[in-house]
Amino acid sequence: MVKPEKSTETNPGGLVCKDKCQLSRLVEMATHDDLTKVLNRKAVFATLENEMRKVFRHKYPVSILLIDLDHFKNTNDTLGHLKGDWVLKESSKKMQFSLRHEDVLGRYGGDEFLAVLPFTGFEGAMIVAKRLISVFNLQPISFEKITIPQTVSIGATAHQEGDTTISILDRADRALYLAKKAGRNRCEWI
């Protein structure tokens, strides 16, 4: 039997709080990308799966943006991994700033990020995508005394009847490919 904690001299540091704080930290470590502090791939995928279940039950729209940092490999190779990591961190901050409160951002892998946009159809998703592109175009990333111009390509799509989590991600990936093929620094919708 577990006894409730008492606030006495034998528990001056508040062991309950300490345990809850440690649990909270463990949860954050398991769900967030260590470098960028946004959700990790597993957690953002779970978020998308959860939104897909809600769409099925409640019939509201959901869109996703698959965001790729243009020419990031070149940045990493020429400037080094330290500056490359800085670009990833600063880029994720720009993305979070550009997204709406209800949107969820996660690092999908390498230099790709996934934004889940609940209650959002085509028009709303395109507004968010254009804002992301604009923020990157207007604000280069600075590291020490170096200015690094960074743009993004975005593949966008919305839930369609019969979609699975995999099918919506596949469509966003194909749209991202089209954006890159068309010259980058743009958004394509499928």
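Laboratory data are not the source of any read-out in this text; all were calculated from the coordinates shown. Small disclaimer: the values here were computed from a predicted structure and weren't measured. Backbone-built Cβ (ideal geometry, glycine too); neighbour counts: all protein chains shown.
Some points to look at:
- Note on segment 52-190: Cα Rg divided by 2.2 N^0.38 Å, N the number of residues, gives 1.06.
- Theoretical ellipticity at 222 nm over the chain - DSSP helices of four or more residues, -39500 (n - 2.57) apiece, nearest 500: -16500 deg cm²/dmol
- Translational diffusion of segment 22-110, µm² s⁻¹ [Kirkwood Rh, Cα pairs; Stokes-Einstein; 25 °C; 0.890 mPa s]: 168
- Between helix 165-181 and the chain: long-axis angle, C-alpha atoms, 0 to 90°, nearest 10: 40
- Residue 153 sits among other residues whose Cβ lies under 9 Å from its own Cβ, and their net charge, with Lys and Arg +1 and Asp and Glu -1, is 0.
- Pairs over the 22 Å Cα-Cα cut-off, from the set 89/145; 145/180; 130/181; 73/181; 42/180; 37/83: 145/180; 42/180.
- Taking GluC sites (Glu not before Pro) in DSSP loop conformation with at most 15 other Cβ atoms inside 10 Å as exposed sites, the chain has its longest uninterrupted site-free stretch at 10-101.
- FRET efficiency for the residue 101 to residue 145 pair, using the beta carbon distance and R₀ = 45 Å, is estimated at 0.80.
- Build a GNM of the chain with springs between Cα atoms under 10 Å apart, and of 137, 74, 40 the one that fluctuates most is 74.
- Phi angles of segment 121-136 translate, via the Karplus equation with coefficients 6.51, -1.76, 1.60 and θ = phi - 60°, into HN-Hα couplings of x, 4, 4, x, 5, 5, 4, 5, 4, 5, 5, 4, 4, 5, 4, 5 Hz per residue; Gly and Pro are given as x.
- Pairs of Cα atoms nearer than 8 Å and 6+ residues apart set the relative contact order; for the chain it is 23 percent.
- Fewest-first sequence of 89, 42, 59 by Cβ atoms within 10 Å of each Cβ: 59, 42, 89
- Sparse-neighbour loop sites [chymotrypsin sites (Phe, Trp or Tyr not before Pro); segment 119-159; at most 16 other C-beta within 10 Å; DSSP]: 119
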